Amino acid sequence: IDVFRILAGMGIRLDDGPGFPGAKITPHYDSLLVKITAKAQKRKDAAAKLIRALREFRVRGVATNKSFLLHVLENEEFLSGVVDTGFIAANPHLLEPLKEKDRAQKLLHYIGEVIVNGTPKSLGAVGAPPSVTDPMIPVLEPKPKTKPSLKETFDKEGPEAFAKAVRSNEGLLITDTTWRDAHQSLLATRMRTVDMLNIAEANNAALANAYSLENWGGATFDVCMRFLRECPWDRLANMREAVPDIPFQMLLRGANAVGYTSYPDNVVYEFCKLAKDTGMDVFRVFDSLNYLENMKLGIDAVGQAGGIVEAAVCYTGDVSCPDRGAYDLEYYLGFVRELEAQGIHVLAIKDMAGLLKPEAAHMLVSAIRAEHPNLPIHVHTHDTAGTGVASMIAAAKAGADAVDAAMDAMSGMTSQPSLGALVASTAGGDLDTGMTLKDMSKVNEYWEECRGLYAPFESGQKSGSADVYIHEMPGGQYTNLLYQSTQLGLTGQWSAVKDSYAVANRLLGDIIKVTPSSKVVGDMAQFLVANNLTEQEVIDQAETLSFPKSVIEYFQGYLGIPPFGFPEPLRSRVVKGQTIPGTNMSCFSGRPGADMPPMDLGAEKKKLEEKWGPGSPNDSHSHVIRDVDVMSHAMYPAVYDEYMEHLTEFGQLNYVDTRTFLTGMKVGQELTVTLEPGKQLVVKLIGVGEPNEDGVVNIQFELNGQPRMAHIKDKSVGGEVKTRSRALKDVVGSVGAPMPGVVLETKVNKGDKVKHGDPLVSLSAMKMETLVSAPCDGTVTNIEVTAGDQIEAGDLIVEIDES
């Protein structure tokens, strides 16, 4: 028995049995844990007392008849006293088990899991431990309003009025990216909702004159579920409640919504509708290749949902350098004309890598402003080279209405420029932001301390670097790719990865680099380093190499068509023998999702209800499937299922403080957790035992003064380490893993006949999926791996007999 919370009250009598925390119940025990007797003037009153007492009674670790007793006591036929021996048979629902939330015990189980087995490896918390300092939350008094806020203007008058208010605003408007792109760029997108909600009230006051608060979309959507085990929709709803007066802004990947692939059109439309209904205002719509057909879908979906369409032109190259290539001023002006013709509300210049130098910013914004005097312009950059503040001021002086920045403690390097620096630099002049440095400093003090909690996710980057002008890596990808490279066994080769990033970009045709196209470049770069390949070797050996799945799909047109086409002959060699599933085509010729049939969202909801909803086999948390859950599953089916499995086992964890979430507790430590208003838990860790003969560690807690137990399997105890065979380099049919990862699926069986290029095994490593193909014709004689196996680069996976 893990939990045994006894009941009490007027008119209740208890006759104790063998029930107490820590009691071991054998198969031959006397089944009476405790007898409960209720006394009252009337039968129904006595039953009501019993029902109340039973609902307060907590037993965990053994099955009991509590649910049966409650069903009986709530049955009108029983309460009237008219029952016979056929009563149970006539009321089979009496035997249905009750589903209790059991939130407290699940929380203790999670804390115990972290204490015994450490922080989940999937989180990537490989740096220093979290700071022991709790951030101080500032209190700011709201300023008196002198005019309607942009949020009020949008809510009452719509997106066109919002755009007009932005254009007529005196001074420079600022978007604070701290809640999304800043932590995506610096901390691998690991910022948890609780740390943003803590500062929400102060933000609402300090940023009252802001253009927007960027807080959703991009990588935050899947990372919420995949690593932080939070629902992204609940995050948005909670933020909206906490910050009612500032427009919210998200990043929408055009036809890819918040995913890495194409979806049926109705999915994108429904996603935007749900996002708007949940609290989103400004949708920054972009396409990773500046492919207009993909942009149109996102623009139309946001417009139909009633959101503010901020369409982005993604920037690469250098318009101030006449020798940089095809991405010149005329290219950007031409694309802006096409976007403006779509009826957008705001234009964004999205400089993902921090390539927009001050002179280039002035040239580009001036040219766009001259052609489009009434179109609001919003500029986004990263401070990788250290020129961010200068570039944003240059853009503002050239006619930009708004720029992106981050709180000082979350700014600089691969993040956005310093918000405090922009506020101070423009104060008192024509570009005055309407914000005060005093307020910014108070909010920033919180972030200085809060960032210490995320020390495990720091990249180790000490300063900016101007080599971004060479490799052109997006700021949001920099820290993620650095960590992924370490996990892929490329420790100490980060310089080589950066150099290969530039090589990969050339191989792919010098493309716009932003998720998901930047992922293609990053996957290709790591592939080059892991396999020690030169640029020419890739072109020459393309037909025999097992490229990452993202690279193959890029050349097949899954992301759309790049501005200046695909490079040849590499594309033809990579897609040779490849077909798009469900078709006889090797490549798409237009928008990839244009011909996809609509998704039956109603049918998908029914499937999720059967799998995860009330009454399902996995219903241990009484989770009602909502439309937003259907959308999460539509975007990331496997990630959503993993999230629900975690939710079933450990419950909601978004209310747990970050230090406990990452490192658990220490003996003697006391912790207060608020599950919901009026529902608070006081948890104290009493002791941690040693693993028993089964490798199970007993952990003693005190919960609201009552003893509780958690039993955790120590994963380091027992089990044999399997040594894998290595592929033979000189034997063509000895097929090795191209890089470390996890086996997703084996595509062949022993004895199968395969042809050169046939898929053998699907691997995954840090979001990068690779399909290993047959290097020759022959017969499969041996398969060394199965789904779920963890393998290293060069491990033997399949053997093929060429004879």
I111 vs. criteria assigned to a loop (DSSP other than H, G, I, E, B), under 26 Å from N704 (Cβ atoms) and touching a Gly at 6+ places or on another chain (Cβ under 7 Å): no
Selection status of E769, surrounded by 13 or more Cβ atoms within 10 Å (Cβ to Cβ), outside any loop (DSSP other than H, G, I, E, B), in contact (Cβ under 8 Å) with a residue 60 or more places away in the chain and in contact with a strand residue (DSSP E or B) (Cβ under 8 Å, 6 or more places away or on another chain): yes
Matching entry among T178, T146, T133 (being in contact with a strand residue (DSSP E or B) (Cβ under 8 Å, 6 or more places away or on another chain) and of a type in the set (S, T, Y)): T178
Matching option when the condition is among the hydroxyl-bearing types (S, T, Y) and open to solvent by 20 Å² or more (accessible area, probe 1.4 Å), among T119, T177: T119
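Using the structure shown, decide if F555 is open to solvent by 80 Å² or more (accessible area, probe 1.4 Å) and of a type in the set (F, W, Y).
The answer is no for F555.
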Total residues in the range 225-250, condition open to solvent by 10 Å² or more (accessible area, probe 1.4 Å) and either closer than 20 Å to N203 by Cα or without any contact (Cβ under 8 Å) to a residue 24 or more places away in the chain (or both): 8
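Do you know which residues across the range 729-754 are touching a residue at least 40 places away in the same chain (Cβ under 8 Å), more than 30 Å from L481 (Cβ to Cβ) and in a loop (DSSP other than H, G, I, E, B)?
First, the residues of the range 729-754 that are touching a residue at least 40 places away in the same chain (Cβ under 8 Å): 732-746, 748, 754.
Filter once more, so that each one left must be more than 30 Å from L481 (Cβ to Cβ): 732-734, 748, 754.
Hits for the range 729-754 are V732, G733, V748.
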Residues (open to solvent by less than 50 Å² (accessible area, probe 1.4 Å) and in a strand (DSSP E or B)) located in the range 11-56: I12, D15, V34, I36, A38
The range 586-604 residues that are over 22 Å from P637 (Cα atoms), paired with ones that are open to solvent by 50 Å² or more (accessible area, probe 1.4 Å) and not in a loop (DSSP other than H, G, I, E, B) (beta carbon under 6 Å, 6 or more apart): R591/E293
Qualifying residues in the range 356-384 (those that are part of a helix (DSSP H, G or I) and among the aliphatic types (A, V, I, L, M)) - the one surrounded by the most Cβ atoms within 10 Å (Cβ to Cβ): A361
Complete set of residues in the range 57-87 that are assigned to a helix (DSSP H, G or I) and open to solvent by less than 80 Å² (accessible area, probe 1.4 Å): K66, S67, F68, L69, L70, H71, V72, L73, F78, L79, F87
Hey, L662 hydrophobic (A, V, I, L, M, F, W, C) and in contact (Cβ under 8 Å) with a residue 60 or more places away in the chain or not: yes
Any helices (runs of 4 or more DSSP H) falling wholly within the range 420-538 and containing at least 3 residues that are open to solvent by less than 50 Å² (accessible area, probe 1.4 Å): 437-453, 475-487, 494-508, 517-530
Filter pass, H646 being modelled with pLDDT under 95, open to solvent by less than 50 Å² (accessible area, probe 1.4 Å) and within 28 Å of R226 (Cβ to Cβ): yes
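Name the residue, out of V673, V667, V630, V639, that is open to solvent by less than 60 Å² (accessible area, probe 1.4 Å) and free of Cβ contacts under 8 Å to residues at least 40 places away in the same chain.
From the options V673, V667, V630, V639, the qualifying one is V630.
Is it true that some residue in the range 571-587 is under 16 Å from E293 (Cβ atoms), out of contact with any Lys or Arg (no Cβ under 9 Å at 6 or more places or on another chain), open to solvent by 20 Å² or more (accessible area, probe 1.4 Å) and in a loop (DSSP other than H, G, I, E, B)? If you could, list the steps in order and put the result at the bottom.
Going through the range 571-587, the residues under 16 Å from E293 (Cβ atoms) turn out to be 587.
Going one step further and asking which of them are out of contact with any Lys or Arg (no Cβ under 9 Å at 6 or more places or on another chain), we end up with none.
No.
The values are calculated or read from the model by the stated rules, or taken from the named source; none is laboratory data. Since we're looking at a predicted model, the values are computed, not measured. Cβ atoms come from the backbone with ideal geometry, glycine included; neighbour counts cover every protein chain shown. Accessible surface is based on the protein model in full, side chains and every heavy atom, while ligands, DNA and RNA are left aside. Shrake-Rupley method; radii C 1.70, N 1.55, O 1.52, S 1.80 Å.
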